[in-house]
C-alpha cells in the first residue's frame with residue numbers, strides 16, 4: 001500500500017451484499033466480473049482505455065484501516081467488519097493495456113476471485129476507468145484532428161480538482177503534448193506548459209490607463225523570448241505590434257484566446273511575417289473542440305490550447321462502462337432483464353487485421369478456449385494481476401501513449417472520421433458464430 | 001492547515017505570472033478577482049452555487065511544503081520559490097453562500113488581496129466551484145421534478161473517484177435524500193443508501209440454474225425486511241412474487257432497474273397491492289434524468305435512483321465560471337477582446353422581490369457604494385474571509401441545503417420549468433442604468 005486508502009470509494013450496496021453473502025456462505029464462491037461498455041458514446045467510432053494503471057494502484061490501496069472500519073461498522077455486522085479488516089485482493093485480473101483501443105462489448109478488464117473480494121471493487125474500478133477512458137477517448141479525436149500540431153490541455157479549471165489531474169494524464173496518453181496542470185506534471189510526469197493570462201496584462205494598468213507594453217516587457221524580462229505573449233487583451237493588431245516591439249522577432253509565440261480564430265490567425269501570421277517574426281508561432285485557445293480544431297486545419301495555427309471540451313469528454317463525460325458478474329463457480333451467469341442483457345462467461349480478445357495491418361474485427365472468445373486461429377490476430381487481453389500481485393511492471397505513461405498512437409495507426413480510414421458513425425470495426429462473439 | 005496541500009492544483013501560468021510580477025513589483029498591487037458565469041448552461045433558468053466551503057478549505061490548505069517547492073523550483077527563480085515558501089492567503093473574500101442561487105453575471109466570489117496572493121488561486125477555486133455548482137444545478141432540477149419523492153444519488157461509478165464524493169455532497173445540497181457513496185457519508189455526513197445489485201441475485205446460481213429465492217432469502221436474513229429487493233434480474237413478475245413470498249408484505253421496497261419504468265411501476269404496484277404489500281415502496285433506477293423523473297410523476301413511484309445524469313451535470317458537466325481580474329489599486333480593469341468583455345470593479349449583489357417573496361431581479365452594484373434602496377431587497381453578498389481568516393463558522397451541509405430550498409421557493413413559477421428558456425430573473429448592473 002503506497003497511498004491513502006481507496007476502500008470507501010465504494011457504493012454501500014457492495015458492502016451490504018458482502019455481508020449477506022458472508023452470512024450464507026456464497027461470498028467464497030469463485031466469481032468473475034467483467035468491465036465493458038455496451039456501446040460507445042453516440043456516434044463515436046472507437047474508445048481509448050485509460051486508467052488501468054490507476055485502477056491497479058487503487059486495488060493495491062483498497063484496505064480498511066481504523067477510519068474505514070469505523071465508518072462501515074455503522075451499518076455492517078461485526079463478522080463482516082472483521083473480514084474487511086483483513087481485506088486484500090488476492091485474485092486475478094486480465095484485460096486491456098493502458099492506452100489500448102476498445103469497442104462495444106470489449107471485455108476491458110476481467111476480475112476473478114471470491115465473490116466477496118471482487119464485488120467490493122466495482123465502484124472504484126468503474127470510477128477510474130470510466131473517467132479516464134472518457135477523457136482519453138475525446139482527446140484522441142482532438143489529436144487526430146490536429147494532425148501533428150501541438151495540443152496543450154488547459155481544462156483543469158473546468159473539472160473537479162483531482163479529476164483535472166487524471167484528465168491531464170489521460171489527454172497525454174491520447175497524444176496531447178503538454179498540460180497546464182502542475183500537479184499532473186509532479187504526480188505523473190506529464191510535460192508542463194503555461195505562460196500568462198489576461199490578468200497579467202490588466203495588472204499593468206496605471207493612472208494613465210492600460211499599459212500592454214509594460215506587461216510584455218515584464219514577461220520577457222522574467223522569462224526571455226522563449227515565452228508566449230497573449231495578444232488579445234485589447235486590440236490584437238496593436239498587441240502583436242507591441243509583442244514584437246518588446247520581444248523582437250525571436251519571440252517564441254503569441255496566443256489568441258478570443259474572436260474568429262481562423263481569420264485572426266491569418267491576420268496575425270501576415271503581420272508577424274511583415275514584422276520579420278517569421279518563426280514566431282501562433283497558439284490559439286478559447287472553447288476549442290475536435291470540430292473547431294479540424295476546421296482550423298487550413299489556417300496558420302501552430303498549437304491549440306484546449307480546455308473544457310477535453311476535460312468533459314467533449315459531450316461524453318463518462319465512458320459508461322459497467323462491472324458485471326459473468327461467471328460463478330465456472331457457470332456462466334447473465335441478467336435477462338430487458339435491454340440490459342449481459343453475455344455470461346469469462347472472455348478474452350484478439351483483434352484481427354489485414355496484411356496491411358488495418359484492423360478488421362474485435363474477436364471475443366471464451367477465456368477457457370484457445371485463441372482463434374485467425375490471420376494477423378493480435379492478442380489484446382493481457383494478464384495484469386495474478387494472485388493479487390502484478391504480473392509485470394506498470395505500463396509507463398510513454399508506453400501507454402505509444403499504445404494509443406499504434407492503435408490509431410491501425411484503424412481503417414473511416415474509423416478516424418469525426419462525424420457520427422458506426423464503430424470502426426465490428427465486435428464478434430465467437431460463441432455466437434459457432435452456435436447461431 | 002487541516003488537509004493535504006492544494007497548492008499544485010494550479011495552472012503553471014499562474015506561477016509564471018507571479019514570477020514576472022514579483023520581479024517588476026506589480027505582484028504587490030492590491031487586486032480584486034471575481035468569479036462569475038457569463039451565461040448559464042444552454043436553456044437553464046438558474047444555477048446553484050456549491051463548493052464555497054470546499055473552496056475556503058482549499059485556500060486554507062494552499063501552502064507550499066518541501067514537495068511542492070521542489071516541483072515549482074524546476075521552472076521558477078529562487079526569489080519566487082522563497083516567496084511561495086511563506087505563502088498564506090491574507091486577503092478578503094466575499095460572495096454567495098453555499099447553496100445560494102446564481103444567474104448570469106452574478107459575482108459569486110470576490111477575492112481581494114495582493115495580485116500575487118490572489119492570482120495563484122484561480123485554478124483551484126474554479127475547479128471546485130465549477131464542478132460542484134454544475135452538479136448542484138443539475139440535481140436541483142431533478143429535485144424539483146421529483147416533487148417531494150425520494151432521490152438517491154448513485155452515480156459514483158460514472159465519474160472520477162474523488163469527483164464522486166464531491167458530487168454526492170452537491171446533490172445533497174440540491175435536495176437529494178441520500179447517496180450510495182460511502183466516502184461522502186464519512187467525509188461530509190451525507191445520508192447513505194444501498195442494498196444490492198444484480199450480481200447478488202446472479203451469485204445465487206447453482207447447478208440447477210438461477211435461484212432468485214435463495215438470493216432474496218439471504219438478503220432478508222442479513223438485513224431484515226427493511227431492505228430493498230431488486231426484482232428485475234430475470235422476470236419482474238416472478239421477481240415481485242418471490243420477493244413478497246420471502247419477505248412477506250412488510251417488505252420495505254422493491255427496485256426496478258430496467259425496461260419501461262412507468263409501465264412496470266404500475267404493474268408492480270398492482271401486483272404488490274394484490275399480494276397485500278400495500279406499503280411496500282417502489283424504487284426505480286436506470287438512466288434517469290430530470291426529464292424522465294418528471295415523466296414518471298403520474299406513476300406509482302416512491303423513489304428514484306439517479307446515476308450518470310446527476311454526476312455529469314445532465315448535459316452541463318461544468319458551470320463554466322471564470323476568475324477575472326476586475327480592479328487594480330482601486331482602478332476598474334476590463335478585457336476588451338471580442339465576446340469576452342468583463343465588467344470592471346468590485347461588486348456586490350442584492351436580490352429584489354415582490355411582497356409575495358417571489359424574486360424579481362439580481363441587482364449588481366459597486367461594492368464601494370451603499371446597497372440600492374429597493375423594496376424587499378435581500379443582501380446576497382456575504383463577507384466570508386477577512387485578512388485571511390473566516391468571518392464566521394462554516395455553513396453546514398444542512399444550512400446549504402436549506403439555502404437551496406429557500407431559493408427555489410422564491411423563484412417565479414416559470415423559473416422552475418425544465419424546458420429551455422431564459423434566466424428566471426434578469427441581472428441588472430446598477431452602473432449601466434445610472435449611466436446608460
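Nothing in this text is a laboratory measurement; each read-out follows from the coordinates by a stated rule. Bear in mind that the values here come from a model prediction, so they are computed numbers and not experimental data. Positions of Cβ are backbone-derived with ideal geometry, glycine not excepted, and every protein chain shown enters the neighbour counts.
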Quiz item: From Cα coordinates alone, what are the radius of gyration and Dmax values for region A:80-216 in angstrom?
Solution: 21.4, 74
Exercise. Considering only DSSP beta bridges where both residues belong to region A:145-311, give the percentage that are antiparallel (nearest 5).
Key: 10 percent
Quiz item: In peptide B:179-187, how many Cβ atoms from other protein chains are near each Cβ within 10 Å, on average?
Solution: 6
Exercise. Over the alpha-carbon set of the protein assembly as shown, divide Rg by the Kirkwood Rh and report the Rg/Rh ratio to two decimals.
Key: 0.98
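Taking Rh as the Kirkwood radius, which is the inverse of the mean 1/r over Cα pairs, what is the Rg/Rh value for region B:310-412?
Rg divided by Rh gives 1.00.
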Self-check item: For region B:143-190, convex hull volume per residue from C-alpha positions, Å³
Solution: 63 Å³
Quiz item: Just how many % of Cα pairs in region B:41-137 lie over 24 Å apart, if you round to the nearest whole percent?
Solution: 32 percent
Exercise. Using a 10 Å cut-off on Cβ to Cβ distances, tally the other chain neighbours for every residue of A:19-25 and report the average as a whole number.
Key: 6
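So what is the calculated 222 nm ellipticity per residue for chain B, using -39500 (n - 2.57) for each DSSP H run with n of 4 or more, over all residues, to the nearest 500 deg cm²/dmol?
Calculated at 222 nm, the ellipticity per residue is -11000 deg cm²/dmol.
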Exercise. Pairs of Cα atoms under 8 Å, at least six residues apart: use those to get the relative contact order of region A:1-138, whole percent.
Key: 43 percent
Exercise. Give me B:28, A:198 ranked fewest to most by other Cβ atoms within 10 Å of their Cβ, as a rough exposure proxy.
Key: B:28, A:198
Exercise. Would you work out the relative contact order for chain A, in percent, from Cα pairs under 8 angstrom that are 6 or more residues apart?
Key: 22 percent
Quiz item: Working out 0.36 nm times the residue gap between residue B:429 and residue B:213, then minus their Cα-Cα distance, what length gain in nm do you get to one decimal?
Solution: 71.3 nm
Self-check item: For chain A, convex hull volume per residue from C-alpha positions, Å³
Solution: 171 Å³
Quiz prompt | Ranked packing of B:413-421, B:188-196, B:112-120, A:62-70, most packed first, by mean Cβ within 10 Å | solution = B:112-120, B:188-196, A:62-70, B:413-421
Quiz item: Could you work out Rg/(2.2 N^0.38 Å) for region B:223-357, with Rg from alpha carbons only?
Solution: 1.77
Quiz item: Angle, helix A:122-146 long axis vs. longest principal axis of chain A, Cα atoms, 0 to 90°, nearest 10?
Solution: 40 degrees
Exercise. Mind sorting B:79, B:257, A:57 by how few other Cβ atoms lie within 10 Å of their own Cβ, fewest first?
Key: B:79, A:57, B:257
Self-check item: Cα centroid separation - region B:80-110 against region B:124-158, whole Å
Solution: 22 Å
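Within 10 Å of each Cβ in B:312-325, how many Cβ atoms from other chains are there, averaged over the peptide? If you can, show how the numbers build up before the last one.
Details: counts 6, 2, 0, 2, 2, 12, 10, 1, 4, 2, 1, 3, 4, 8.
Mean shielding by partner chains, rounded to a whole number: 4.
Given that compact globular proteins tend to follow 2.2 N^0.38 Å, what is the ratio of the alpha-carbon Rg of region A:92-134 to that value?
Values: Rg = 11.1 Å, N = 43, 2.2 N^0.38 = 9.2 Å.
Scaled against compact globular proteins, the figure is 1.20.
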Self-check item: Contact order normalised by residue count of region B:195-301, Cα under 8 Å, 6+ apart, percent
Solution: 22 percent
Self-check item: Ratio of Rg to Rh over region A:166-224 (Cα coordinates, Kirkwood Rh, two decimals)
Solution: 1.19
Practice problem: Rank the residues A:137, B:73 as a footprinting-exposure proxy: fewest other Cβ atoms within 10 Å of their Cβ go first. | Solution: B:73, A:137
Self-check item: Angle in degrees between helix B:12-24 and the longest Cα principal axis of chain B, rounded to the nearest 10
Solution: 20 degrees
Self-check item: Sorted largest first, extent of region B:1-99 alpha carbons per principal axis (Å)
Solution: 49, 31, 25
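Averaged over every viewing direction, what's the projected area of the C-alpha convex hull for region A:244-315? Give it in nm², one decimal, please.
Working: hull surface 19.6 nm².
Here the figure is 4.9 nm², rounded to one decimal.
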Quiz item: With axes computed from alpha carbons, what is the tilt in degrees of helix B:161-174 against the longest principal axis of chain B, rounded to the nearest 10 within 0 to 90?
Solution: 90 degrees
Exercise. Can you work out the PRE-style zone for residue A:355? Point 7 Å along Cα to Cβ, and I want the residues of region A:374-415 with backbone N under 15 Å.
Key: A:375-377
Quiz item: Considering the Cα trace of region B:195-301, what is its radius of gyration and what is Dmax, both in angstroms?
Solution: 13.4, 44
